[in-house]
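Structure first, commentary second.
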Amino acid sequence: MEGYERKGSMENDREEIYSIPVKAGKRTYFFDVKATRNNDYYLTITESKKRFEDDGSQNFEKHKIFLYKEDFDKFTEGLQEVVEYTKKLLKESGQEYTPASNYDVDFDKI
């Protein structure tokens with residue numbers, strides 16, 4: 001998975017430094033590294049889902065999490081713990097955990 005670096009764009013006093021989009025079914029997750037004016041770095045995780053209105057128009061429903069540097073380790077540990085626990089539950093219930101491949105995405109359905 002490759003991200004991209006962006007230099008020189010300011011968005012509401014926050015500079016986006018690096019971004020990785022992750023397509024997952026009908027959703028896309030964006031993992032962004034941003035910097036404040038004082039070069040204090042933080043992450044944003046954005047879930048974006050395409051919605052179609054009754055009139056045929058489309059919009060994107062977005063949810064965003066801000067993750068500050070002092071919370072990186074706690075967040076990573078918590079996420080890893082619940083992912084491992086979920087895999088364990090799947091195994092115990094006889095369900096198979098199959099990681100998605102980057103090639104399983106049907107872009108026509110997105």
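A short reminder: the numbers here are calculations on the coordinates, not readings from a lab. Just so we're clear, the structure is a prediction, and the values are computed from it rather than from any experiment. Virtual Cβ from ideal backbone geometry, glycine too; neighbours counted across all protein chains shown.
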So how do 37-46, 50-59, 69-78 stack up, highest first, on mean other-Cβ count within 10 Å? 37-46, 69-78, 50-59
Which entries of 69/91; 34/88; 49/74 show an alpha-carbon separation above 31 angstrom in the structure shown? 69/91; 34/88
7 Å from Cα along Cα→Cβ at both residue 19 and residue 45: what's the point-to-point distance in nm? 1.9 nm
